[in-house]
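Inspection log for the structure reproduced underneath, given as structure tokens.
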Amino acid sequence: MTIPKTLHITWVGDESRRPDNCIQTWADRNPGWTVKLWGNDDLANYGWYNARHMREMARRELNGVAGLIRWGVLYNEGGLVVDADSVCVRALDDWLLEHEAFACWENELVRPGLIAAGYVASVPENPFFGQIIQDLQAEPSVVHDLAWKTVGPLRLTEA
């Protein structure tokens, strides 16, 4: 099985602030890919595994909601999730899709040893991402600390 050619981008909250110019770079440079934009309607209507954490996180950090969406999307659909405010500078290579999953490092000078949650890809139903979802479900709360720690890059790195 290969990673589907689907780019998943999430923007929740004030849609007038959504960085459509950044999002468009992903579509423009990867014309053979399906681009799925996940937003407020999806947050309200999709059957998320960790909906209670999303509701709680929405009152604190919207980037944490996007992080929780990320794990559900990767597990359910597979593909590549990228941060909405990132810019694609060149087309994605097909060889990236020949793996079960991949991710990128954060800036090694600023955050050494931390895996970036903003660029993660997977085949559908990857047990690694399923375990992240289950581990999050078992948490009584995810707002006891900053989202990058509880549902984002630190969660991914420690998993």
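The values are calculated or read from the model by the stated rules, or taken from the named source; none is laboratory data. Just so it is clear, the structure is predicted and the values come from calculations on it, not from any experiment. Every residue, glycine among them, receives a Cβ derived from its backbone with ideal geometry; neighbour counts consider all protein chains shown. Please note that ligands, DNA and RNA were not included when accessible areas were found on the heavy atoms of the full protein model with its side chains. Shrake-Rupley method; radii C 1.70, N 1.55, O 1.52, S 1.80 Å.
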| message | Please verify whether ASN45 is buried (at least 21 other Cβ atoms within 10 Å of the Cβ) and over 30 Å from ARG90 (Cβ atoms), treating the condition exactly as stated. | response | no
| message | Checking MET54 against (1) open to solvent by less than 50 Å² (accessible area, probe 1.4 Å); (2) assigned to a helix (DSSP H, G or I); (3) touching a residue at least 24 places away in the same chain (Cβ under 8 Å); (4) under 28 Å from GLN137 (Cβ atoms): exactly one of these is not met. Which one? | response | (3)
| Subset of the range 2-32 (residues that are open to solvent by 30 Å² or more (accessible area, probe 1.4 Å) and assigned to a loop (DSSP other than H, G, I, E, B)) | THR2, PRO4, LYS5, TRP11, ASP14, ARG18, PRO31, GLY32
| Criterion violated by LEU80 - all others in (1) open to solvent by 60 Å² or more (accessible area, probe 1.4 Å); (2) under 12 Å from the mean Cα position of the chain (by Cα); (3) under 23 Å from ARG29 (Cβ atoms) satisfied | (1)
| message | For the range 66-86, which positions are of a type outside the set (Gly, Ala, Ser) and touching a His at 6+ places or on another chain (Cβ under 8 Å)? | response | LEU68, ARG70, VAL73, LEU74, GLU77, LEU80, VAL81, VAL82
| query | If we scan the range 119-126, do we find a residue that is surrounded by fewer than 18 Cβ atoms within 10 Å (Cβ to Cβ) and farther than 23 Å from TRP26 by Cβ? | reply | yes
